[in-house]
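Here is the structure we will look at, set down as structure tokens.
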Amino acid sequence: MANEYTNLERNRLEKLERLRAGGIEPFPTRTERTHTSQEAIRQFEAAEAAAKSTGEETPAVVPATLAGRLRSLRAMGKITFAHIEDGEGRVQLFLRANDLGQEQFDLFNREFDLGDFVQAGGEMFRTRTGEPTLKVTSFRLLAKAITPLPAAKDEVVDGQVVRHATLADPETRYRQRYADLVVNPHVRQIFQRRAATIRALRTFLDQRGFIEVETPILQPIYGGAAARPFTTHHNQLKQDLYLRISFELYLKRLTVGMFERVYEIGRDFRNEGVSFKHNPEFTQLEFYWSYADYLQVMDMTEQMVNYVAEQVLGTHRIQFRGQEIDLTPPWKRLTMRDGLLDVTGVDIDAHPTAESLAAAMRQKELPVKPGAARGKLIDSMLSEYLEPNLIQPTFLYDYPRDLSPLAKSKPGNPLTVERFEGFLGGMELCNAFTELNDPLDQEQRFLEMGREYEADDDERHPMDEDYLQAMRYGMPPMGGFGMGVDRLAMLMTDSDSIREVILFPHLRNREE
RNA sequence: GGGCGUGUAGCUCAAUGGCAGAGCAGUGGCCUUUUAAGUCAUUGGUUGAAGGUUCGAGCCCUUCCACGCUCACCA
């Protein structure tokens, strides 16, 4: 569809044509930047400090050529003040007809707009109000902005209400994230913190001897979680493929191959509902640690999250949704049985069958979904009554076996597996267990899952024969771990929605 | 998928069923140290889309679209 220009855009296009007519290329190829905004300011302030210490009246000249986006313009007759912004910050420009000549000065005022990328050369000085500023002796357009940035200046109502209105509409912010990033510096900070979060995770794991690997995103059989996959097709191979819903089964194959400690940070895809904590594609961290069990993984988890906060925020006490969360280890540990007993009065250990558990729940006047399996019933109590109350970091551990087909049973307790989930801020953050490494038991679990989900084909857990083959070669005992990196980024940035920490979140297509 | 809500100028927002407005930005002036400058003037609208009710619809009704919140779903 052809773009239709607004009046404001047409106005800028006319400027662009005038520039071209005057022999000025509005999108030149080269830039001659010598300093970033902050380098120029730092160097100037250093020259000032040096002059002061030696008693000089004027500091040494600091020549600089800067480049950035025009973010403010104040034309005052024969002089103009402006600010340009680059990746590090802002610096003020000072232009004077006397210095530039009337023709150049007029060119700047008439044809340059907010949002344009410009290059400006000159010397640093300090204005009467004390701001380090570039006195411009030459300038050049680097790239014309046709569309005005979606930002307004402040609004003064009755000399009282000052509102620095800027792009706020969530739809526009997500669809045009580039514009959001330009005008909302705090959004840039969110993604800098996200990057720091992922960097800290890598550093933490690398330091502990884990090796980062990459496993297939296109998989012939999906597995490792219960979720509907996205399906695609390879034309030449005439083969349906799935976008992975987890990395688990591939990473565990690598432990068979003697990689004792592996991890992967990457994208998972789940063809399910979208919410403030769900996006169809999301970033996952999984690691597998041979010869460890879920208790060791628990210890490492609290250390890892605490380390991330220290690296990203410089503190162990983070603010999230108006509450302070203390990440300092050790975290609270609670068995699922005790946790549910506390909040619902139902003892899951006393009810080994779905029928018995459902009866107990009805007696406590808890909602029961008819025909639900025991694991589903437990899960519903967990997410309804327990999870929202777990604000401070809490490990919930020892899960029912029928919720966890890839986890190992507790010795002497076949109904319970060695599994934990980490909760904080009322959200599930991670999921881990002592991994099942018995190929015969694993085959049996796959068969059970297949039966259980027979009614709902979408959720069926497909049998992965090759995974069983890997396990038959011998799989070491190990602890495994998975964590939603987006949710960790939410915690590190105090973001209410997963969409705030994903650069380009999924949105429905616009009507033509 | 259900419920509730929102959609008006580039941005942020007004407008009892009765002339579609403001601030900022934009445009044209004045202004040689401003601070998201000041000042005078001024342009800009298919009110998300389509239909309906009405003498008259931004407002009421119906359908559709998008977004937000929420429920359902979601190991």
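The values are calculated or read from the model by the stated rules, or taken from the named source; none is laboratory data. If you're wondering where the values come from, they're calculated on a predicted model, not measured in any experiment. Glycine also receives a Cβ, built like all others from the backbone with ideal geometry; neighbour counts cover every protein chain displayed.
Looking for something among the basic types (Lys, Arg) and without any contact (Cβ under 8 Å) to a residue 12 or more places away in the chain - is there at least one such residue anywhere in segment A:76-90? Scanning segment A:76-90 turns up no residue that is among the basic types (Lys, Arg) and without any contact (Cβ under 8 Å) to a residue 12 or more places away in the chain. Among the residues of segment A:165-192, just one is within 18 Å of A:Ile498 (Cα to Cα), within 8 Å of RNA strand B (Cβ to nearest atom) and among the hydrophobic types (A, V, I, L, M, F, W, C), namely A:Ala168. Pairing residues of segment A:243-271 that are farther than 9 Å from A:Phe287 by Cα with residues that are in a helix (DSSP H, G or I), at Cβ distances under 6 Å and at least 6 apart in sequence or on separate chains, gives A:Leu249/A:Tyr467; A:Arg253/A:Ala470; A:Val256/A:Ala470. Beta carbons closer than 8 Å, at least 6 apart along the sequence or on distinct chains, pair a first residue in segment A:115-133 that is acidic (Asp, Glu) with a second that is not in a strand (DSSP E or B) for A:Asp116/A:Lys144; A:Asp116/A:Ala145; A:Glu123/A:Val61; A:Glu123/A:Val62.
Looking at A:Phe94, A:Phe108, A:Phe44, can you tell me which residue is of a type in the set (Phe, Trp, Tyr) and touching a residue at least 60 places away in the same chain (Cβ under 8 Å)?
Details: A:Phe94 fails: touching a residue at least 60 places away in the same chain (Cβ under 8 Å); A:Phe108 fails: touching a residue at least 60 places away in the same chain (Cβ under 8 Å).
Answer to the check: A:Phe44.
If you go through segment A:239-265 and keep only what is outside any helix (DSSP H, G or I) and modelled with pLDDT of 95 or more, you end up with A:Gly257, A:Met258, A:Phe259, A:Glu260, A:Arg261, A:Val262, A:Tyr263, A:Glu264, A:Ile265. Considering segment A:344-367, and only residues there that are buried (at least 17 other Cβ atoms within 10 Å of the Cβ) and within 16 Å of RNA strand B (Cβ to nearest atom), the residue that is nearest to A:Asn389 (Cα to Cα) turns out to be A:Thr344. The condition (being surrounded by 14 or more Cβ atoms within 10 Å (Cβ to Cβ), in a loop (DSSP other than H, G, I, E, B), at pLDDT 95 or above and not hydrophobic (A, V, I, L, M, F, W, C)) is satisfied by just one residue among A:Pro405, A:Pro476: A:Pro476. Taken together, A:Leu243, A:Leu251 contain a single residue that is within 16 Å of A:Glu435 (Cβ to Cβ), over 19 Å from the mean Cα position of the chain (by Cα), in the same structural domain as A:Pro439 (by TED's automatic domain parsing) and within 16 Å of RNA strand B (Cβ to nearest atom), which is A:Leu251.
Conditions tested, residue by residue: (1) more than 14 Å from RNA strand B (Cβ to nearest atom); (2) in the same structural domain as A:Gln319 (by TED's automatic domain parsing).
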residue: A:Gly375; (1), (2): no, no
residue: A:Ser380; (1), (2): no, no
residue: A:Tyr385; (1), (2): no, no
residue: A:Tyr399; (1), (2): no, yes
residue: A:Pro411; (1), (2): yes, yes
residue: A:Leu415; (1), (2): yes, yes
residue: A:Arg419; (1), (2): no, yes
residue: A:Leu424; (1), (2): yes, yes
residue: A:Met427; (1), (2): no, yes
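Output the residue which, of all residues in segment A:1-42 that are in the same structural domain as A:Gly122 (by TED's automatic domain parsing) and among the small types (Gly, Ala, Ser), is farthest from RNA strand B (Cβ to nearest atom). Across segment A:1-42, the extreme among qualifying residues is A:Gly23. From A:Gly101, A:Gly121, which residue is exposed (fewer than 12 other Cβ atoms within 10 Å of the Cβ) and assigned by TED's automatic domain parsing to the domain that holds A:Leu16? Going through A:Gly101, A:Gly121 in turn, the sole match is A:Gly101. The residues of segment A:47-75 that are touching a Phe, Trp or Tyr at 6+ places or on another chain (Cβ under 7 Å) and either over 28 Å from A:Arg110 (Cβ atoms) or free of Cβ contacts under 8 Å to residues at least 24 places away in the same chain (or both), listed by number, are A:Val62, A:Arg74. Total residues in segment A:195-205 satisfying the condition of being surrounded by 18 or more Cβ atoms within 10 Å (Cβ to Cβ) and either in contact with a Ser or Thr (Cβ under 7 Å, 6 or more places away or on another chain) or of a type in the set (Ser, Thr, Tyr) (or both): the figure is 1. For segment A:106-126, the set of residues classified as more than 27 Å from A:Ala151 (Cα to Cα) and either hydrophobic (A, V, I, L, M, F, W, C) or within 11 Å of RNA strand B (Cβ to nearest atom) (or both) consists of A:Met124, A:Phe125, A:Arg126, listed by residue number. In the set (1) modelled with pLDDT under 95; (2) in contact with a His (Cβ under 9 Å, 6 or more places away or on another chain), the condition left unmet by A:Gln43 is number (1). Within segment A:214-251, being of a type in the set (Ser, Thr, Tyr) and touching a helix residue (DSSP H, G or I) at 6+ places or on another chain (Cβ under 7 Å) holds for one residue alone: A:Thr215.
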